[in-house]
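Okay, structure first, notes after.
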Amino acid sequence: MVDSRGTPAQDGRRAERLELRVPTTPTQLPAVRAMAADLAMRMDYDLDAVEDLRLAADEACATLAVVAAADSPLTVVFETTRAGLHIEAWVPTADGVDVPRDGFGWAILATLVDAVDARRSTQADVPGGDGTDAPVGVIVMDKYLPGQRPTGVGSGAGQNLSVAR
């Protein structure tokens, strides 16, 4: 689903939003990687940034697949703005399940994008959710175009990342 009629993005322009919903099976997750790469190419990211986004989407999906409730889909919302690409991925989870923010995979993810966060939320608070209080695990990522990084957003350099499991 593509929606360009939404509210203005952080930079004041109308953002285009694409929602992709796939099963959390290994055979379907490459579609998310392909979508991230295709959008990045269309937004004129350089080849290194395109590959970074492809790998980041893959790592985020793999992380969420581990915490997903049985037979639940993965929803990924891509939002293109003047500043760059915003990706919000989520899966339904059991109550109290946290998205892991440690380990080698998280360290890699934090290196590939400009901003990343993981949290618990509800279907009412995520894009494409059904409006209920059902729990979800969310990973949010931003990759900015050159020269478009908002002030106050660090590169992640010096973050205290744990690779211990």
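The values are calculated or read from the model by the stated rules, or taken from the named source; none is laboratory data. Everything quoted here is computed from the prediction, not taken from an experiment. Cβ placement follows ideal geometry from the backbone for every residue including glycine, while neighbour counts extend to all protein chains displayed.
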Selection status of Gly103, over 17 Å from Val32 (Cβ atoms) and surrounded by 22 or more Cβ atoms within 10 Å (Cβ to Cβ): no
Single unsatisfied condition, Arg101 versus (1) in contact with a helix residue (DSSP H, G or I) (Cβ under 8 Å, 6 or more places away or on another chain); (2) closer than 23 Å to Pro135 by Cβ: (1)
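Output yes when any residue across the stretch 84-97 is part of a loop (DSSP other than H, G, I, E, B), touching a helix residue (DSSP H, G or I) at 6+ places or on another chain (Cβ under 8 Å) and under 24 Å from Arg149 (Cα atoms), and no when none is. Before you say what the answer is, go through the steps one by one.
Let us first name the residues in the stretch 84-97 that are part of a loop (DSSP other than H, G, I, E, B), namely 93-97.
Filter again for touching a helix residue (DSSP H, G or I) at 6+ places or on another chain (Cβ under 8 Å), leaving 93, 97.
Now restrict to residues that are under 24 Å from Arg149 (Cα atoms): none.
No: zero hits.
Conditions (1) at pLDDT 95 or above; (2) aromatic (Phe, Trp, Tyr); (3) more than 17 Å from Val126 (Cα to Cα), marked per residue:
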site: Thr7; (1), (2), (3): no, no, no
site: Asp11; (1), (2), (3): no, no, yes
site: Met35; (1), (2), (3): yes, no, yes
site: Asp44; (1), (2), (3): no, no, yes
site: Val50; (1), (2), (3): yes, no, yes
site: Ala62; (1), (2), (3): no, no, yes
site: Ala70; (1), (2), (3): no, no, yes
site: Val76; (1), (2), (3): yes, no, no
site: Ala83; (1), (2), (3): no, no, yes
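Report yes if Asp130 is surrounded by fewer than 15 Cβ atoms within 10 Å (Cβ to Cβ) and in contact with a helix residue (DSSP H, G or I) (Cβ under 8 Å, 6 or more places away or on another chain), otherwise no.
Values: surrounded by fewer than 15 Cβ atoms within 10 Å (Cβ to Cβ): yes; in contact with a helix residue (DSSP H, G or I) (Cβ under 8 Å, 6 or more places away or on another chain): yes.
Yes; evaluated as a whole, the condition is true for this residue.
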Thr80 surrounded by 17 or more Cβ atoms within 10 Å (Cβ to Cβ) and closer than 14 Å to Val32 by Cα: no
Residue in the stretch 120-140 that is under 21 Å from Arg54 (Cβ atoms), charged (D, E, K, R) and either part of a loop (DSSP other than H, G, I, E, B) or free of Cβ contacts under 8 Å to residues at least 24 places away in the same chain (or both) present: no
Residue that is more than 24 Å from Thr24 (Cα to Cα), in contact (Cβ under 8 Å) with a residue 24 or more places away in the chain and surrounded by fewer than 21 Cβ atoms within 10 Å (Cβ to Cβ), where the choices are Asp48, Asp58, Asp44, Asp98: Asp44
One residue from Thr75, Thr111 being under 11 Å from the mean Cα position of the chain (by Cα) and either without any contact (Cβ under 8 Å) to a residue 60 or more places away in the chain or within 20 Å of Asp130 (Cα to Cα) (or both): Thr75
